[in-house]
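Notes follow the structure.
The values are calculated or read from the model by the stated rules, or taken from the named source; none is laboratory data. This is a predicted model, so every value here is computed, not measured. Cβ coordinates were reconstructed from backbone atoms using ideal geometry, including for glycine residues, and neighbour counts include every protein chain displayed.
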Amino acid sequence: MAEIVAVDPLNPDPNIILKAAGILQSGGLVAFPTETVYGLGADATNPEAIRRIYAAKGRPPTNPLIIHCESVDRVRRQCVTQWPETAVSLAQAFWPGPLTLILPKTNQIPEIATAGLAFVGVRIPETPVARALIAAADRPIAAPSANRSNRISPTLAEHVADDLGDRIAMILDAGPCRAGLESTVLDLTTDPPAILRPGPITAAEIARVIGLNVASHDLYLSEKLAHAAPGQSRVHYAPAKPLELWLERQPEIAEAELQDTALLIFGAGMGRRAFFAPEVLILKKVENSTEAERSLYATLRAWDADPRVKRIVVVMNEVGPFWAATRNRLSRAARVIHR
Ligand code: TXA
Ligand code: MG
């Protein structure tokens, strides 16, 4: 079993950090907190260590990893061969923080880390624990979310232990993640830059900093999927229990059978019926997008583990830009989308 070690989120004990860094330096796996979700770390320059990440997660080798550094200097020295003006501005504005930049990779980053791509995703995480760990290991650290492949990303150390406790050496536990959803992934190799995964940093915030509009390749909310059927392969980040997503106000929800159902309502409105529906097993309402991002994964994991819950229904009323990342993850978690 993994050793679960509590660390102070702001002032991590240097001895604990050194021990964890030693595991990374010898090719082992350490889960650590970032501001988005817990990451499963390995030495990004060691192909054998990277292979262990894919094996522990059961992750397909076609899915590239994000490389984490504690400084722009390390990003430029060891990870990327280009550092355009857009990267300068974005790093200054948002790093450390939940923004991943895709740029051409160096030879120090093996192809197994990027699924054979000539481009690498890099970011500087915000938590002092993560940055101290990377600095002590003195190398870039590859870290996907520390969940088993296709499961919900972990926002607590317990989530990591549930998924990977029997497969990794150590879990650093610094409590809940501040942001709760994975970083925004921005491709800087295209013109204009393109968001590949929406996240806590919005398209508008990026556009304001680089003075350019960005493209968005968020396929998951496209019209093609309007009538998504159960079992489609786009399903990702999913709870084990069936999750239905109701987009915007749907009169039919009022007719739905809601017993054995945990109902999560994001945004204002739509819920009057639910509040008066005695058969709703659990009702949770979140009106603030930041809180929605922070709590989504922990809520889904808790309901997945609650034997009373047979079905999860999420009502999403909001379409504004601050809700884009939550909508994206929900649409990937849903077996059925009603719109
Ligand atoms: O917030 C996060 O990004 C968390 C924490 C741990 O940093 N990490 C994370 O990693 O979410 P992961 O592996 O669960 O998701 C990484 C995603 C990939 O699925 C892919 O979509 C994108 O980032 N990505 C990584 N490298 C890429 C590349 N070279 N080209 C295009 N997309 C890439
Ligand atoms: Mg992931």
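Before moving on, here are some points about what is shown:
- Search result, residues across region 52-86 that are basic (Lys, Arg), out of contact with any strand residue (DSSP E or B) (no Cβ under 8 Å at 6 or more places or on another chain) and within 29 Å of Ile152 (Cα to Cα): Arg59
- Residues satisfying the stated conditions in region 299-326, i.e. among the basic types (Lys, Arg) and within 23 Å of Leu156 (Cβ to Cβ): Arg301, Arg308
- Those helices (runs of 4 or more DSSP H) of region 265-336 in which at least 2 residues are of a type in the set (Gly, Ala, Ser), modelled with pLDDT of 95 or more and farther than 25 Å from Leu186 by Cα, considering only elements entirely within it, cover 289-305.
- In the condition set (1) surrounded by 18 or more Cβ atoms within 10 Å (Cβ to Cβ); (2) more than 11 Å from ligand 1 (Cβ to nearest atom); (3) more than 25 Å from Ile16 (Cα to Cα), Ser89 is compliant with all but (1).
- Region 165-195: number of residues that are out of contact with any Phe, Trp or Tyr (no Cβ under 9 Å at 6 or more places or on another chain) and surrounded by fewer than 19 Cβ atoms within 10 Å (Cβ to Cβ): 11
- Boolean, Pro60 is buried (at least 20 other Cβ atoms within 10 Å of the Cβ) and part of a loop (DSSP other than H, G, I, E, B): no
- Entry remark, region 5-51: residues being part of a strand (DSSP E or B), under 18 Å from Glu158 (Cβ atoms) and either in contact with a Cys (Cβ under 9 Å, 6 or more places away or on another chain) or among the aliphatic types (A, V, I, L, M) (or both) number 7 in total.
- Residue count for region 276-317, restricted to those that are surrounded by fewer than 22 Cβ atoms within 10 Å (Cβ to Cβ), among the acidic types (Asp, Glu) and either touching a Ser or Thr at 6+ places or on another chain (Cβ under 9 Å) or touching a residue at least 40 places away in the same chain (Cβ under 8 Å) (or both): 3
- Subset tally (residues that are of a type in the set (D, E, K, R) and within 16 Å of ligand 2 (Cβ to nearest atom)) for region 59-106: 1
- 1 or more residues away from ligand 1 (no atom under 15 Å from the Cβ) and of a type in the set (A, V, I, L, M): qualifying strands (runs of 3 or more DSSP E) within region 128-209: 170-173
- Residue list for region 92-113, restricted to those being crowded, with 22+ Cβ neighbours inside 10 Å and part of a helix (DSSP H, G or I): Phe94, Ala113
- Residue in region 102-121 that is over 26 Å from Ala6 (Cβ atoms), in contact with an Asp or Glu (Cβ under 7 Å, 6 or more places away or on another chain) and β-branched (Val, Ile, Thr) present: yes
- Index of the failed condition, Pro128 passing every other in (1) within 16 Å of ligand 2 (Cβ to nearest atom); (2) touching a residue at least 60 places away in the same chain (Cβ under 8 Å); (3) surrounded by fewer than 20 Cβ atoms within 10 Å (Cβ to Cβ): (1)
- Given (1) over 17 Å from Ala130 (Cα atoms); (2) in contact with a Lys or Arg (Cβ under 9 Å, 6 or more places away or on another chain), index of the condition Val75 fails: (1)
- Single residue of region 140-195 satisfying the filter (of a type in the set (D, E, K, R) and under 29 Å from Ile210 (Cβ atoms)) that is nearest to ligand 2 (Cβ to nearest atom): Glu182
- Condition met for Glu70 (charged (D, E, K, R), in contact with a Gly (Cβ under 9 Å, 6 or more places away or on another chain), modelled with pLDDT of 95 or more and not in a strand (DSSP E or B)): no
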